[in-house]
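The values are calculated or read from the model by the stated rules, or taken from the named source; none is laboratory data. Everything numeric in this text was worked out from a predicted model, so none of it was measured. Don't worry about glycine lacking a Cβ; one is built from the backbone with ideal geometry, like all the others, and counts go over all protein chains shown. What goes into the accessible areas is simple: the full protein's heavy atoms, side chains included, and nothing from ligands, DNA or RNA. Shrake-Rupley method; radii C 1.70, N 1.55, O 1.52, S 1.80 Å.
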Amino acid sequence: MTWMRAASIEEFNKKTGKEVNLSGNRIAIFRSKGKFFAIEALCRHQDGSLALGKVDGEVVECPLHSWHYNVRTGELLDYLEGVKLKTYKIDLKGRDIYIDV
């Protein structure tokens, strides 16, 4: 795995995330309760980006059809059992966010 700079912490608000593309991986980064989380960016339903979804605690809602994912575990919380998005480790270095891809 390789640590790559993904963003600056100033780029985030508390309601939505940000999508980045690192080495061909579309990754959504979210800030919740002072912590950062990174998961696959695409919803399993119709490949909509989760980055613009509303964040409430550790849950992000897909902006297309309201599927809900836990941003810490990547787990889908409704509709289907056993669906899980890949999660990524985050490291903060100063004001920069690094992701292990």
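Just one of (1) out of contact with any Leu (no Cβ under 6 Å at 6 or more places or on another chain); (2) within 19 Å of ARG5 (Cβ to Cβ) fails for VAL101. It is (1). If you go through the stretch 15-36 and keep only what is out of contact with any Ser or Thr (no Cβ under 8 Å at 6 or more places or on another chain), of a type in the set (Gly, Ala, Ser) and over 16 Å from GLY57 (Cβ atoms), you end up with just GLY24. If LEU92 satisfies all but one of (1) in contact with a helix residue (DSSP H, G or I) (Cβ under 8 Å, 6 or more places away or on another chain); (2) surrounded by 12 or more Cβ atoms within 10 Å (Cβ to Cβ); (3) not aromatic (Phe, Trp, Tyr), what's the number of the condition it fails? (2) is the only condition that LEU92 fails. When the residues of the stretch 15-27 are filtered to those that are surrounded by 12 or more Cβ atoms within 10 Å (Cβ to Cβ) and among the polar types (S, T, N, Q), the one that is nearest to TYR88 (Cα to Cα) is ASN25. May I ask you to verify whether GLU81 is open to solvent by 40 Å² or more (accessible area, probe 1.4 Å), charged (D, E, K, R) and closer than 20 Å to VAL101 by Cβ? So GLU81 does not fit the description; no. Among the residues of the stretch 67-83, the ones that are at pLDDT 95 or above and either under 9 Å from ILE39 (Cβ atoms) or hydroxyl-bearing (Ser, Thr, Tyr) (or both) come to 6 in all.
Taken residue by residue, the stretch 36-44 has no member that is modelled with pLDDT under 95, under 10 Å from the mean Cα position of the chain (by Cα) and not small (Gly, Ala, Ser). Being of a type in the set (Phe, Trp, Tyr), open to solvent by less than 70 Å² (accessible area, probe 1.4 Å) and in contact (Cβ under 8 Å) with a residue 40 or more places away in the chain holds for only one residue in PHE30, PHE12, and it is PHE30.
Annotation: of all residues in the stretch 33-74 being among the charged types (D, E, K, R) and not in a strand (DSSP E or B), the one that is least open to solvent (accessible area, probe 1.4 Å) is GLU58. Screening GLU10, GLU81 for residues that are out of contact with any strand residue (DSSP E or B) (no Cβ under 8 Å at 6 or more places or on another chain), not β-branched (Val, Ile, Thr) and not in a loop (DSSP other than H, G, I, E, B) leaves exactly one candidate, GLU10. Residue pairs whose Cβ atoms lie under 8 Å apart, separated by 6 or more positions or on different chains, with the first residue in the stretch 86-98 and aliphatic (A, V, I, L, M) and the second part of a strand (DSSP E or B) and open to solvent by 90 Å² or more (accessible area, probe 1.4 Å), are ILE97/ARG5.
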